[in-house]
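Trainee: Quick one: the structure is below, questions incoming.
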Amino acid sequence: MRWTNLSRDGERAAPALFGTDSVTRTFDTPEFRGITFHEIRARSIVNRVPGASRMPFEWTVNPYRGCSHACVYCFARKTHSYLDLDTGTGFDSQIVVKVNAPELLRRELAAAKWRGEHIAMGTNVDCYQRAEGRYRLMPGIIDALTERANPFSILTKGTLILRDLERLRRAADVTDVGVSVSVGFLDAALWRTVEPGTPAPERRLAPVRTLTGHG
């Protein structure tokens, strides 16, 4: 796996995305069977969106690379090739975990150059995929954003977001917070074919109701 000399845009001239002190783990539990986790310490966590992008935001935070949701249409699959990882089943089962994401975010938000701009999450891979249930990176990330009253948004297919409901409410008291839950269809056969690792579509409607009910 190509960990060293890897720049943010795939060129070798810039600093590496993270160091070589990675730890690879597997867990023999039903929800993680067949999945390998690569725990790394990232060197940066607030990422600038390429200037040519048509996205309505300029900055993102991605605590994970790869996604066990296994959506066949995911545009982020090609990012696994930057690490010499397979973009098919490898993207679904080789998950890079940035274990230092919350502490690194606090440091970057405190930097003099940071202007408190909107940060989008879940736009590359889902930050509430199954790995989050074990690694619990999002509570620290939300807390770091709340401490700085930094506006943010989250896009997810994961019902686990309700675990952090109280944190989201506290954040919304001090800054602009947006949450979007992706439910593309309700057809069960289609769901199992194209989004096999996600919660069932009807289960995703529960967070929509709850989050809406809390404003």
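The values are calculated or read from the model by the stated rules, or taken from the named source; none is laboratory data. All values derive from a computational prediction rather than experimental measurement. Please note: Cβ atoms are built from the backbone with ideal geometry, for glycine as well, and neighbour counts cover all protein chains shown. When the accessible area is computed, the model is the full protein with side chains, heavy atoms only, and any ligands, DNA or RNA have been set aside. Shrake-Rupley method; radii C 1.70, N 1.55, O 1.52, S 1.80 Å.
Trainee: I'd like to know if the range 125-146 contains one or more residues that are farther than 30 Å from Val194 by Cα, basic (Lys, Arg) and either open to solvent by less than 30 Å² (accessible area, probe 1.4 Å) or not in a helix (DSSP H, G or I) (or both).
Mentor: No: zero hits.
Trainee: Return the residue satisfying two criteria in turn: it lies in the range 163-215 and is among the small types (Gly, Ala, Ser) and not in a loop (DSSP other than H, G, I, E, B), and of such residues it is farthest from Ala120 (Cα to Cα). Let's see the steps before the verdict.
Mentor: Keep residues of the range 163-215 that are among the small types (Gly, Ala, Ser), which gives 171-172, 178, 180, 182, 184, 188-189, 197, 200, 206, 213, 215.
Within this subset, residues satisfying the condition of being not in a loop (DSSP other than H, G, I, E, B) are 171-172, 178, 180, 188-189, 206, 213.
On the way: Ala171: 14, Ala172: 15, Gly178: 9, Ser180: 11, Ala188: 29, Ala189: 31, Ala206: 22, Gly213: 22 Å.
My answer is Ala189.
Trainee: Moving on to the next point. Take the residues in the range 61-94 that are over 24 Å from Ala144 (Cβ atoms) and small (Gly, Ala, Ser); name whichever of them is most open to solvent (accessible area, probe 1.4 Å). It would help to see each step written out before you state the result.
Mentor: Taking the range 61-94 first, the residues over 24 Å from Ala144 (Cβ atoms) are 68-75, 77-78, 80-94.
Restricting the remaining residues to those that are small (Gly, Ala, Ser) gives 68, 70, 81, 88, 90, 93.
Numbers: Ser68: 7, Ala70: 17, Ser81: 53, Gly88: 30, Gly90: 7, Ser93: 27 Å².
Among them, the one singled out is Ser81.
Trainee: If you don't mind, there's one more thing I want to ask. Mind checking whether some residue in the range 179-198 is of a type outside the set (Lys, Arg) and in contact with a Phe, Trp or Tyr (Cβ under 6 Å, 6 or more places away or on another chain)? First the steps, then the outcome.
Mentor: The first filter runs over the range 179-198 and keeps only residues of a type outside the set (Lys, Arg), leaving 179-191, 193-198.
From the residues that got through so far, the ones that are in contact with a Phe, Trp or Tyr (Cβ under 6 Å, 6 or more places away or on another chain) too are none.
Looking for residues that are of a type outside the set (Lys, Arg) and in contact with a Phe, Trp or Tyr (Cβ under 6 Å, 6 or more places away or on another chain), one finds none in the range 179-198, hence no.
Trainee: When the residues of the range 44-93 are filtered to those that are in contact with a helix residue (DSSP H, G or I) (Cβ under 8 Å, 6 or more places away or on another chain) and charged (D, E, K, R), which remaining residue is nearest to Glu132 (Cα to Cα)?
Mentor: Selected residue: Arg65.
Trainee: So the check is Cβ under 6 Å with 6+ separation or different chains; which pairs have a first residue in the range 140-169 that's without any contact (Cβ under 8 Å) to a residue 60 or more places away in the chain and within 22 Å of Trp114 (Cα to Cα) and a second one that's β-branched (Val, Ile, Thr) and in a loop (DSSP other than H, G, I, E, B)?
Mentor: Final answer for the pair search is Ala149/Val174; Ala149/Thr175; Pro151/Thr175.
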